[in-house]
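Engineer: If you scroll down you'll find the structure; I have some questions about it.
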Amino acid sequence: MTAEWTQRFHELDKEYRSQGVQIRWCVVEGWHLYYDLVVVEELDLRLLIRCPGNVLRKRKEKRGYKQKDGSIRADPPYYWDHFSYPAYVRSHSHLFHGEIDTGPLSAGAESVGVVLLEGEGSKQNLSCSELFQHAATAILLIGRSQLESK
């Protein structure tokens with residue numbers, strides 16, 4: 001799968017270069033990426049991968065953070081409940097009607113072009129490979145449409 005997508009992106013890059021344009025791909029990701037409308041408006045494509053809070057919690061609890069001295073740091077007890085998840089809810093509640101885990105996109109999110117992809121534990125239950133394929137397809141479509149509009 002990697003070789004196929006690499007080839008597709010190289011072909012698009014070649015098309016841009018043939019028109020004298022050097023394309024720069026930048027993937028911006030972040031836990032609170034769609035909180036600030038100024039940032040959102042700068043993005044050509046706005047993908048949001050949603051997983052239910054219980055799935056996010058399990059992933060976070062499995063994760064350790066390697067320190068400069070080589071030791072592994074884990075989040076302190078209750079970090080998820082008191083800090084991480086409440087911050088996530090505050091920064092994402094405007095994107096959905098009703099429940100963050102299950103609600104449809106809000107009119108505001110739709111108006112700025114947020115595309116919702118649902119991962120593990122959601123209605124769509126897309127695998128990482130499926131999420132990647134949806135994202136890569138969307139990126140190529142944006143790239144092609146911008147090339148054609150030049």
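The values are calculated or read from the model by the stated rules, or taken from the named source; none is laboratory data. Bear in mind that the values here come from a model prediction, so they are computed numbers and not experimental data. We place every Cβ from the backbone using ideal geometry, glycine too, and count neighbours over all the protein chains shown.
Engineer: When residues of the range 30-48 are filtered for being in a strand (DSSP E or B) and touching a Gly at 6+ places or on another chain (Cβ under 9 Å), how many remain?
Structural biologist: Qualifying residue count, the range 30-48: 1.
Engineer: Moving to a separate point now. Can you tell me which of LEU126, LEU141, LEU105, LEU147 is at pLDDT below 95, touching a helix residue (DSSP H, G or I) at 6+ places or on another chain (Cβ under 8 Å) and of a type outside the set (Lys, Arg)?
Structural biologist: LEU147
Engineer: Pick out the one residue from GLU61, GLU11 that is more than 18 Å from the chain's Cα centre (by Cα), surrounded by 10 or more Cβ atoms within 10 Å (Cβ to Cβ) and closer than 22 Å to GLU118 by Cα.
Structural biologist: Exactly one residue qualifies, and that residue is GLU61.
Engineer: Can you find a residue that is farther than 24 Å from LEU45 by Cβ, among the small types (Gly, Ala, Ser) and surrounded by 12 or more Cβ atoms within 10 Å (Cβ to Cβ) anywhere in the range 129-138?
Structural biologist: Among the residues of the range 129-138, not one is farther than 24 Å from LEU45 by Cβ, among the small types (Gly, Ala, Ser) and surrounded by 12 or more Cβ atoms within 10 Å (Cβ to Cβ), which makes the answer no.
Engineer: Can you go through ASP75, ASP81 and tell me which one is surrounded by 12 or more Cβ atoms within 10 Å (Cβ to Cβ), farther than 23 Å from VAL114 by Cβ and of a type in the set (Asp, Glu)?
Structural biologist: Checking each option against the conditions leaves just ASP75.
Engineer: For TYR34, only one of the following conditions fails: (1) surrounded by 13 or more Cβ atoms within 10 Å (Cβ to Cβ); (2) among the hydroxyl-bearing types (Ser, Thr, Tyr); (3) without any contact (Cβ under 8 Å) to a residue 60 or more places away in the chain. What is its number?
Structural biologist: With respect to (1) surrounded by 13 or more Cβ atoms within 10 Å (Cβ to Cβ); (2) among the hydroxyl-bearing types (Ser, Thr, Tyr); (3) without any contact (Cβ under 8 Å) to a residue 60 or more places away in the chain, TYR34 is out only on (3).
Engineer: Do you know which of the residues in the range 18-31 that are farther than 20 Å from ALA136 by Cα and free of Cβ contacts under 8 Å to residues at least 60 places away in the same chain is surrounded by the fewest Cβ atoms within 10 Å (Cβ to Cβ)?
Structural biologist: Filtering first and then ranking leaves GLY20.
Engineer: On to the next question. Return the total of residues in the range 108-150 being outside any helix (DSSP H, G or I) and among the acidic types (Asp, Glu).
Structural biologist: Here the count works out to 2.
Engineer: Something else about it: Only residues that are in a loop (DSSP other than H, G, I, E, B) and under 22 Å from SER129 (Cβ atoms): list them for the range 4-29, please.
Structural biologist: TRP25, VAL27, VAL28, GLU29
Engineer: Within the range 106-150, which residues are basic (Lys, Arg) and closer than 23 Å to SER91 by Cα?
Structural biologist: Passing the criteria: only LYS123.
Engineer: Still on this structure: Could you check ASP75 against (1) under 17 Å from the mean Cα position of the chain (by Cα); (2) more than 22 Å from TRP5 (Cβ to Cβ); (3) without any contact (Cβ under 8 Å) to a residue 24 or more places away in the chain and say which number it fails?
Structural biologist: (1)
Engineer: Next question, about the same structure. Collect the residues in the range 87-107 that are surrounded by fewer than 15 Cβ atoms within 10 Å (Cβ to Cβ), out of contact with any Gly (no Cβ under 9 Å at 6 or more places or on another chain) and not in a loop (DSSP other than H, G, I, E, B), keeping them in residue-number order. Step through it out loud before you land on a result.
Structural biologist: Of the range 87-107, the ones surrounded by fewer than 15 Cβ atoms within 10 Å (Cβ to Cβ) are 87, 89-90, 93-94, 97-99, 102-104, 107.
Filter again for out of contact with any Gly (no Cβ under 9 Å at 6 or more places or on another chain), leaving 87, 90, 93, 98-99, 102-103, 107.
ALA87, ARG90, SER93, ALA107 - these are the residues of the range 87-107 that are surrounded by fewer than 15 Cβ atoms within 10 Å (Cβ to Cβ), out of contact with any Gly (no Cβ under 9 Å at 6 or more places or on another chain) and not in a loop (DSSP other than H, G, I, E, B).
Engineer: Criterion first (within 14 Å of the chain's Cα centre (by Cα) and not small (Gly, Ala, Ser)) does LEU37 satisfy it?
Structural biologist: It is false that LEU37 is within 14 Å of the chain's Cα centre (by Cα) and not small (Gly, Ala, Ser).
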